[in-house]
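What follows is a short report on a single structure.
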Amino acid sequence: MSLTVTPISPALGAQISGVDISREITAEERDAIEQALLQHQVLFFRDQPINPEQQARFAARFGDLHIHPIYPNVPETPQVLVLDTAVTDVRDNAVWHTDVTFLPTPALGAVLSAKQLPAYGGDTLWASGIAAFEALSAPLRAMLAGLTATHDFTKSFPLERFGTTPEDLARWEATRRNNPPLSHPVVRTHPVSGRKALFVNEGFTTRINELSELESEALLKLLFAHATRPEFSIRWRWQENDVAFWDNRVTQHFAVDDYRPNRRVMHRATILGDAPF
């Protein structure tokens, strides 16, 4: 096996080479990629011109796939959603967030493929919840361990932006009914590595349940700022046909919206996860 892993930041991130993910990867390659993901939290593959079917097949090697309730998808491969700035308002991605934490079992991870890029701009940042948690003081870590937080679909998908047509409104209302606000622990334990990570994000977390509104607001403001400090994060400048694969259980990300009116098209396959604990 010629697969190599090259770390690119102390907190998280590695580049993978020596594997062609457009074909059926071997069991040995799959296991090596999974181990790299556990260690580095976000992986980057250069020059991987995959089609949606190949992307879904690769992602499905790591778990069952999710179909997003709001974003459009590839009709022939509905497990692959389309983030196209010419078609969909994607401003909700220009905030630090962890994908679909409004689900009882948020995503294990996601595989994102760059299809069309602006000449410059449109970078994506990732931050490590593990590094952020481990950098907190011991008293604050102890306090957070007993807290839970509410995650709400509507914080990133407000009605005024995603219910503008009768069809969109019906889809939004159905998604709202099927995904009422729910609670997850503020500190999550990785189900495989056992490492602990902050598990609140500006995109979906609305309050810390055990605190007063004022206390919750102050603590979330601190945690949101702390979790995304430069030393816990990495910034990736995309090239066409790049693929990123991240562990959604212990990271959050931010798609920089600095390229308008130019167009940016990305395809994402999301891997279902399990209930945080």
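Matching residues to (1) touching a residue at least 24 places away in the same chain (Cβ under 8 Å); (2) buried (at least 21 other Cβ atoms within 10 Å of the Cβ); (3) aromatic (Phe, Trp, Tyr):
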residue	(1), (2), (3)
THR26	yes, no, no
PHE45	yes, yes, yes
GLN48	yes, no, no
PHE62	yes, no, yes
ILE70	yes, no, no
Against the condition open to solvent by 60 Å² or more (accessible area, probe 1.4 Å), under 17 Å from the mean Cα position of the chain (by Cα) and not hydroxyl-bearing (Ser, Thr, Tyr), how does GLU202 come out, does it pass?
yes
What is the residue count in segment 10-58 for residues that are closer than 21 Å to GLY129 by Cβ and small (Gly, Ala, Ser)?
4
So, in segment 145-158, how many residues would count as being open to solvent by 60 Å² or more (accessible area, probe 1.4 Å) and part of a helix (DSSP H, G or I)?
1
Read through the list (1) under 22 Å from VAL250 (Cβ atoms); (2) open to solvent by 20 Å² or more (accessible area, probe 1.4 Å); (3) within 15 Å of the chain's Cα centre (by Cα), then give the number of the only condition that PRO104 fails.
(3)
Of the residues in segment 227-266, how many are part of a strand (DSSP E or B) and open to solvent by 30 Å² or more (accessible area, probe 1.4 Å)?
2
Report every pair of residues separated by at least 6 positions or lying on different chains whose Cβ atoms are under 7 Å apart, first residue within segment 184-204 and in contact (Cβ under 8 Å) with a residue 12 or more places away in the chain, second hydroxyl-bearing (Ser, Thr, Tyr) and part of a strand (DSSP E or B).
HIS184/THR148; PRO185/THR148; VAL186/THR148; LYS196/THR189
Would you call LEU214 at pLDDT below 95 and exposed (fewer than 15 other Cβ atoms within 10 Å of the Cβ)?
no
Would you mind telling me which numbered condition in (1) open to solvent by 20 Å² or more (accessible area, probe 1.4 Å); (2) over 17 Å from the mean Cα position of the chain (by Cα); (3) over 30 Å from GLU160 (Cβ atoms) LEU38 fails?
(2)
Among the numbered criteria (1) of a type outside the set (Val, Ile, Thr); (2) open to solvent by less than 30 Å² (accessible area, probe 1.4 Å); (3) in contact with a helix residue (DSSP H, G or I) (Cβ under 8 Å, 6 or more places away or on another chain), which one does ARG161 miss?
(2)
Can you pull out the residues in segment 169-198 that are in a loop (DSSP other than H, G, I, E, B), touching a strand residue (DSSP E or B) at 6+ places or on another chain (Cβ under 8 Å) and open to solvent by 10 Å² or more (accessible area, probe 1.4 Å)?
PRO181, ARG195
Among ALA142, ALA131, the single one that is within 30 Å of LEU222 (Cβ to Cβ) and open to solvent by 50 Å² or more (accessible area, probe 1.4 Å) is ALA142
For the structure I just gave you, tell me whether VAL87 is part of a loop (DSSP other than H, G, I, E, B) and either modelled with pLDDT under 90 or open to solvent by less than 20 Å² (accessible area, probe 1.4 Å) (or both).
yes
Which residues, counting only those in segment 112-144, are of a type in the set (A, V, I, L, M, F, W, C) and part of a helix (DSSP H, G or I)?
ILE130, ALA131, ALA132, PHE133, ALA138, LEU140, ALA142, MET143, LEU144
What number of residues within segment 45-75 satisfy the criterion of being modelled with pLDDT of 95 or more, assigned to a loop (DSSP other than H, G, I, E, B) and either small (Gly, Ala, Ser) or in contact with a helix residue (DSSP H, G or I) (Cβ under 8 Å, 6 or more places away or on another chain) (or both)?
4
Consider ALA107 carefully, then state whether it is part of a loop (DSSP other than H, G, I, E, B), in contact (Cβ under 8 Å) with a residue 40 or more places away in the chain, among the small types (Gly, Ala, Ser) and farther than 23 Å from LEU219 by Cβ.
yes
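The values are calculated or read from the model by the stated rules, or taken from the named source; none is laboratory data. These numbers come from a predicted model, not from an experiment. Positions of Cβ are backbone-derived with ideal geometry, glycine not excepted, and every protein chain shown enters the neighbour counts. For the accessible areas, the whole protein counts, side chains as well, though only heavy atoms, and no ligand, DNA or RNA atoms are used. Shrake-Rupley method; radii C 1.70, N 1.55, O 1.52, S 1.80 Å.
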